[in-house]
Structure formats: structure tokens, C-alpha cells
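Student: Sharing a structure below in C-alpha cells format, with a few things to ask.
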Amino acid sequence: MEPHLAKIQNPGARNRIATLTDVVLWAIEKFGWQLRPRQDEMLRAIHRFNKIAYRIGRQFGKTECLALIALYFAWVKMCPSKSSGAAALRGARILMASAKDDWAETLYDRTRTLMEANEDMRLMIHEGMDRKGDRDLTHAAIRIRLSPYKRIILPNGSFIDFRGPGDKGEGPRSKTYDVKIIDEADYMPKAFWA
């Protein structure tokens, strides 16, 4: 048991905090996720390091791991809000990008599949909202915008953008994200990194 958790007397509270502070425990609780060998190490590295690069072969389950990391940050992590004062928090802004638009679509599909595996999340999904519809929809829903690129918006204000490099290879330049998850980075056009 982690030293900071040992001080908590209530076992229910201790287990809840442990789940929220460990992406693997969170994934198991929310999605009934079954670990493959070494996936726990990959996921838990996000707690220890600011930047992580993986070179992983096929059939490891990296797309699912990337989707879990994005959902974990979107649901659990809050970020300081610079525009609302020093003590204000806001949801995380997350980018999931891949070297081709259809590969970014695969990241979206896997993330959506995980969300639909959780009954609470599945019941909250509202798809196809345009910008005006986003404003009219209650904040108690998971909103999915399909155009001009896919975006999942959570009730806590977090969002996950799914982007490819685009026609010019520049992708989401001039956008600010708290977490960037880049799949197949070796294949990204040089303009994407500029």
C-alpha cells in the first residue's frame, strides 16, 4: 500500500482514492479491463514521467492503452485555469493524434468502444452535436462533436480531440493541449512538429 493511503482510516475512502490515483485500478473498475503482460507498466509510467515514448510492436494493445490514458486524464485530472483565477480548475484538454486521419479514427473508435463498455458513460453519450447544440445541451452529458474533427467533451469540461496531420501535415498547430498522445509518431510529417 502506498504510504499516503495508509493514513486514511476509512477502507472505502482509501480504496476510492487508490482507484483515482492509479490508472490501472481505474481502468479495471470502470471498464472491467483485462491486463495483457506489461501493459500495467506502460500505463503506470504516466504517473512517474512528464514525457514518455514507447516503441511497441504489433498486437500489444497500445491503441487500447492510449485510449485508457486519454480517458483517465479526461475523467480524473483537473488543470489550473489561467483565466479564472489562481485557485480555479478546469478539465484537461487532450490531443490524440496519429500520422494518418484514418489512424486517428481508429483511436476515436477504440476510445468510444471503451466508453460504451461502461454503462454510466454509455447512457450519457450524445452524438453529433454542432457548436450551437453544444451550448444548448446540459453539462451532465458526454457530447461528441463529429465535425470538423472528432471531439469528445465530458461533463467536467475536459475534451479529447482526435486529429490526423491534415492536408498540409500541420495538424492541430496553434492549439493548446495539456496532454498530447501521439500514435505512430515516426510517420508524422515534419510540418506537424514545427
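The values are calculated or read from the model by the stated rules, or taken from the named source; none is laboratory data. Quick caveat: nothing in here was measured; it's all calculated off a predicted structure. So basically every Cβ, Gly included, is an ideal-geometry build from the backbone, and we count neighbours across all protein chains shown. Surface areas here come from the heavy atoms of the whole protein model, side chains and all, with no ligands, DNA or RNA. Shrake-Rupley method; radii C 1.70, N 1.55, O 1.52, S 1.80 Å.
Student: Among (1) within 19 Å of T19 (Cα to Cα); (2) more than 15 Å from the chain's Cα centre (by Cα), which single condition is M78 missing?
Tutor: If we test M78 against (1) within 19 Å of T19 (Cα to Cα); (2) more than 15 Å from the chain's Cα centre (by Cα), just (2) comes out false.
Student: Please pick out the residue among E127, E116, E170 that is on the phi < 0 side of the Ramachandran plot and at pLDDT 90 or above.
Tutor: Of the residues listed, the single one that is on the phi < 0 side of the Ramachandran plot and at pLDDT 90 or above is E116.
Student: Show the residue pairs that are 6+ apart or on different chains and have beta-carbon atoms under 7 Å apart, the first residue being within region 28-43 and over 19 Å from N118 (Cα atoms), the second being of a type outside the set (G, A, S) and open to solvent by 50 Å² or more (accessible area, probe 1.4 Å).
Tutor: M42/Y54
Student: Based on this model, can you work out whether A104 counts as small (G, A, S) and at pLDDT 85 or above?
Tutor: yes
Student: Can you name the residue in region 19-71 that is among the β-branched types (V, I, T), within 15 Å of the chain's Cα centre (by Cα) and modelled with pLDDT of 85 or more and, of all such residues, is farthest from L95 (Cα to Cα)?
Tutor: V24
Student: Now for a separate question. Please return the ranges of strands (runs of 3 or more DSSP E) entirely within region 74-127 where 1 or more residues are in contact with a helix residue (DSSP H, G or I) (Cβ under 9 Å, 6 or more places away or on another chain) and closer than 27 Å to S147 by Cβ.
Tutor: Working: elements: 78-80, 89-91, 93-98, 125-127.
Of the strands (runs of 3 or more DSSP E) lying wholly inside region 74-127, those with at least 1 residues that are in contact with a helix residue (DSSP H, G or I) (Cβ under 9 Å, 6 or more places away or on another chain) and closer than 27 Å to S147 by Cβ span 89-91, 93-98, 125-127.
Student: Related question: Pairs only if they're at least six apart or on different chains, beta carbon under 6 angstrom, first in region 60-74 and at positive phi, second modelled with pLDDT of 90 or more; list them, first residue then second.
Tutor: none
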